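The values are calculated or read from the model by the stated rules, or taken from the named source; none is laboratory data. A quick note: this is a predicted structure, and the numbers were derived from the prediction, not measured. So basically every Cβ, Gly included, is an ideal-geometry build from the backbone, and we count neighbours across all protein chains shown.
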Ligand SMILES: Cc1ncc(C[n+]2csc(CCOP(=O)(O)OP(=O)(O)O)c2C)c(N)n1
Ligand SMILES: [Mg+2]
């Protein structure tokens, strides 16, 4: 049913419809509206779950790990400092192959303290073994939660998943969202069937320690699961399209890329602005397009390479920086396109909530035309 | 003997603990008390490493290890999940003193405040043994460890042992107890009592470490006994914050306990440090007075 709703409430609603048995989360701006909404649902018997009001994000994810290992579907949400506090648990959850789904309401990391949006938090966990989905708008944020559970829990995958959507820009914005009903979600997402679980009737040991004789094979299996997840995501996206009419069967969404000379690569809400700017530039005869990355992990190398065939210049918009190297997405795209003859220029943009407008996107096209890139875009040089 | 036991115990023989390991005995005893219907959450440390080198495990009950400091939080999640599923297994944490007194305090405090129905057992070998005998908040005064070494201007660890049972009792834990592997029946009874008490319960079991403390492997039980007999360790029970039971002893001087362990050797060699021994005696005297452990002779 189409409803005008705040992003956070849409995500809380869909989290409820995914029927988690255990929820453990800790409040942090701009994620708070989600955990408050879930608490309300539990208090009003709309959500039949154990809600653990933990004392920290570190315990939130640890409790989720325990509940998942015991055989429950679980849910959590966090951002920024909270995610940083979970760092150690994140690697552990993936290593133990627990299909936990967690919303990341993207926010920058201190210092200096900032509650505003960029994607440094989830990007910094890129090597942890979590699937990473990025949403452009609140509809996509809502839909990706269903897909994330389905993919994560697939026995060919068994990896945890972040569903990332931009703090404030999406989380606190009211937009129309077509919210499925409980029955529709149930039809799409089957009940959780754990691959194995802690059970006195069939005792197993989980999280053992591995000597050099075994450790590498565990990591290799994780990487294989990541690679297998590509097909599972496509399948889950296609099934979603069939049931709901919105198509997420591609890991990369191409926007006006046919015959494009300059292609943007971006993730999250900025893609909306980029699309509008592209429309205007196209009207003015400029051949620009966008490759929107929906799954940053697994990195969609094959799809992206195919989408970019034919362009001469790629402008990557990175809402993060791997200090001492460059934007995380830009670095990967450069490696991916090495030897292709395509020029890849990276733009560090919108850190800590700095606004991006259509004219900024047009200005970046002008820079890319001149071959100027690998830079911070939009610096206020007067305060440097 | 070993062959006879194998296959009967829930904590299987053949693990990689040192001969004479106190914590290994603690694991065996506590599983005797829990029976099969239990789920164990471990912390990183000696016990986890010696009992579960992949692909082998000594645990015949469901067992999970996540990190050094999060067992109480993992257990919270398991307990919540079992409740949801209507399952009956008891959830136990079995963690070292480092995991309990130091790095895990945040998670433990949260779990106890929230009142999860879990039993938290700290096997206390009074230092970080797995990483090579470094001090913890449970290390006793004057013990020499690799991060509190006795030296020309130090007599070892300069802080007294943290009072963890009191901290957990202050959280409102319905049942808090101390125990010793040298008194197996008492320990097992306390584990059973904790399991059958709703809410978060805490047991701290003294588990001497021959390697870390420096005594012969065959002496483990004797050292544990001496700790009790000298007042260096007190076995007690607290129910709803009140001490309800204490093991009474005819107290021996602390020297009998100290002189048999290399971690206190610097108090006797190259020369005797009477002033330091007197300070430790004073700690034992205070313990004795606080808990009333002395069996008084009839006048
Ligand atoms: C976050 C973190 N810090 C440090 C360590 C290193 N470490 C592993 S076990 C351990 C000490 C364990 O001490 P304790 O809990 O007393 O158990 P024991 O080994 O003595 O049985 C340390 C410091 C770790 N694994 N994780
Ligand atoms: Mg220890």
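Of the residues making up the range B:142-164, those that are buried (at least 19 other Cβ atoms within 10 Å of the Cβ) and closer than 18 Å to residue B:282 by Cβ are B:142, B:143, B:155, B:156, B:157, B:161.
Residue B:61 passes every criterion in (1) part of a loop (DSSP other than H, G, I, E, B); (2) out of contact with any strand residue (DSSP E or B) (no Cβ under 6 Å at 6 or more places or on another chain) apart from (2).
Here residue B:87 fulfils each of the conditions (1) part of a helix (DSSP H, G or I); (2) free of Cβ contacts under 8 Å to residues at least 24 places away in the same chain apart from (1).
Answer yes or no as to whether residue B:214 is in contact with a helix residue (DSSP H, G or I) (Cβ under 7 Å, 6 or more places away or on another chain), surrounded by fewer than 17 Cβ atoms within 10 Å (Cβ to Cβ) and farther than 19 Å from residue B:286 by Cα. Step through it out loud before you land on a result.
Values: in contact with a helix residue (DSSP H, G or I) (Cβ under 7 Å, 6 or more places away or on another chain): yes; surrounded by fewer than 17 Cβ atoms within 10 Å (Cβ to Cβ): yes; farther than 19 Å from residue B:286 by Cα: yes.
So residue B:214 fits the description; yes.
Within the range A:15-45, the set of residues being farther than 21 Å from residue B:111 by Cα, surrounded by fewer than 23 Cβ atoms within 10 Å (Cβ to Cβ) and in contact with a helix residue (DSSP H, G or I) (Cβ under 7 Å, 6 or more places away or on another chain) comprises A:16, A:17, A:18, A:33, A:37, A:41.
Residue by residue through the range B:45-59, note down the ones that are in contact with a helix residue (DSSP H, G or I) (Cβ under 8 Å, 6 or more places away or on another chain) and either surrounded by fewer than 22 Cβ atoms within 10 Å (Cβ to Cβ) or facing chain A (nearest Cβ under 8 Å) (or both). Please lay out each step first, then the result.
In the first step, residues of the range B:45-59 are kept if they are in contact with a helix residue (DSSP H, G or I) (Cβ under 8 Å, 6 or more places away or on another chain); the result is B:45-47, B:50-51, B:57-59.
Passing the criteria: B:50, B:57, B:59.
For the range A:130-159, a residue qualifies if it is part of a loop (DSSP other than H, G, I, E, B), in contact (Cβ under 8 Å) with a residue 60 or more places away in the chain and over 13 Å from the mean Cα position of the chain (by Cα), and the qualifying residues are A:154, A:156, A:157, A:158, A:159. Among the residues of the range B:167-184, is any away from ligand 2 (no atom under 16 Å from the Cβ), assigned to a loop (DSSP other than H, G, I, E, B) and under 16 Å from the mean Cα position of the chain (by Cα)? Yes, the conditions are met somewhere in the range B:167-184. When residue B:88 is tested against (1) at the interface with another protein chain (Cβ under 7 Å from one of its Cβ atoms); (2) surrounded by fewer than 17 Cβ atoms within 10 Å (Cβ to Cβ), only condition (1) is not met.
Yes/no matrix, rows are residues, columns are (1) within 19 Å of the chain's Cα centre (by Cα); (2) within 21 Å of residue A:348 (Cα to Cα):
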{"residue": "A:226", "(1), (2)": "yes, no"}
{"residue": "A:242", "(1), (2)": "no, no"}
{"residue": "A:250", "(1), (2)": "yes, no"}
{"residue": "A:260", "(1), (2)": "no, no"}
{"residue": "A:275", "(1), (2)": "no, yes"}
{"residue": "A:294", "(1), (2)": "yes, yes"}
{"residue": "A:315", "(1), (2)": "no, yes"}
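Just checking, which of A:101, A:105 is over 22 Å from residue B:83 (Cβ atoms), within 16 Å of the chain's Cα centre (by Cα), modelled with pLDDT of 95 or more and more than 11 Å from chain B (Cβ to nearest Cβ)? One residue alone meets the criteria, A:105. Taking each residue of the range B:109-138 that is within 14 Å of another protein chain (Cβ to nearest Cβ) and looking for partners that are within 16 Å of ligand 2 (Cβ to nearest atom) and assigned to a loop (DSSP other than H, G, I, E, B) with beta-carbon atoms closer than 6 Å, six or more apart or interchain, yields B:130/B:45. When each of A:328, A:315, A:335 is tested for being assigned by TED's automatic domain parsing to the domain that holds residue A:261 and closer than 25 Å to residue A:258 by Cβ, the lone residue that passes is A:315.
Residues are listed down the side, and each one gets a yes or a no for (1) within 15 Å of residue B:264 (Cβ to Cβ); (2) modelled with pLDDT under 95; (3) near ligand 1 (Cβ under 8 Å from one of its atoms):
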| residue | (1), (2), (3) |
| --- | --- |
| B:97 | no, no, yes |
| B:106 | no, no, no |
| B:149 | yes, no, no |
| B:158 | yes, no, no |
| B:161 | yes, no, no |
| B:169 | no, no, no |
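With respect to residue A:109, determine if the residue is surrounded by fewer than 23 Cβ atoms within 10 Å (Cβ to Cβ) and assigned to a loop (DSSP other than H, G, I, E, B). Answer is yes for this residue.
Any residue at all in the range B:21-33 that's more than 16 Å from ligand 2 (Cβ to nearest atom) and more than 18 Å from the chain's Cα centre (by Cα)? Checking the range B:21-33: not a single residue is more than 16 Å from ligand 2 (Cβ to nearest atom) and more than 18 Å from the chain's Cα centre (by Cα). Taken as a whole, the condition of being in a helix (DSSP H, G or I) and facing chain A (nearest Cβ under 7 Å) does not apply to residue B:39. For residue A:66, the criteria (1) within 11 Å of chain B (Cβ to nearest Cβ); (2) closer than 20 Å to residue B:70 by Cα; (3) in contact (Cβ under 8 Å) with a residue 24 or more places away in the chain hold in every case but one, which is (3). Would you call residue B:74 under 20 Å from residue B:202 (Cβ atoms), more than 16 Å from ligand 1 (Cβ to nearest atom) and in contact with a strand residue (DSSP E or B) (Cβ under 9 Å, 6 or more places away or on another chain)? No; evaluated as a whole, the condition is false for this residue.
Which residues, counting only those in the range B:90-127, are within 16 Å of ligand 2 (Cβ to nearest atom) and in a helix (DSSP H, G or I)? Those that are within 16 Å of ligand 2 (Cβ to nearest atom) and in a helix (DSSP H, G or I): B:97, B:98, B:99, B:100, B:101, B:102, B:103, B:105, B:108. If you go through the range B:60-83 and keep only what is more than 7 Å from every other protein chain (Cβ to nearest Cβ) and either more than 21 Å from the chain's Cα centre (by Cα) or surrounded by fewer than 24 Cβ atoms within 10 Å (Cβ to Cβ) (or both), you end up with B:68, B:79. For the range B:15-32, the candidate set comprises residues that are in contact (Cβ under 8 Å) with a residue 60 or more places away in the chain and surrounded by 24 or more Cβ atoms within 10 Å (Cβ to Cβ); within that set, the residue that is nearest to the other protein chains (Cβ to nearest Cβ) is B:27. Name the pairs: first residue in the range A:40-54 and away from chain B (no Cβ under 14 Å), second residue at pLDDT 95 or above, Cβ to Cβ under 6 Å, at least 6 apart or on different chains? Short answer, once both residue conditions are applied: A:41/A:16; A:41/A:47.
The residue that is farthest from residue B:116 (Cα to Cα), among those in the range A:12-37 that are within 14 Å of chain B (Cβ to nearest Cβ) and in contact with a strand residue (DSSP E or B) (Cβ under 9 Å, 6 or more places away or on another chain), is A:20.
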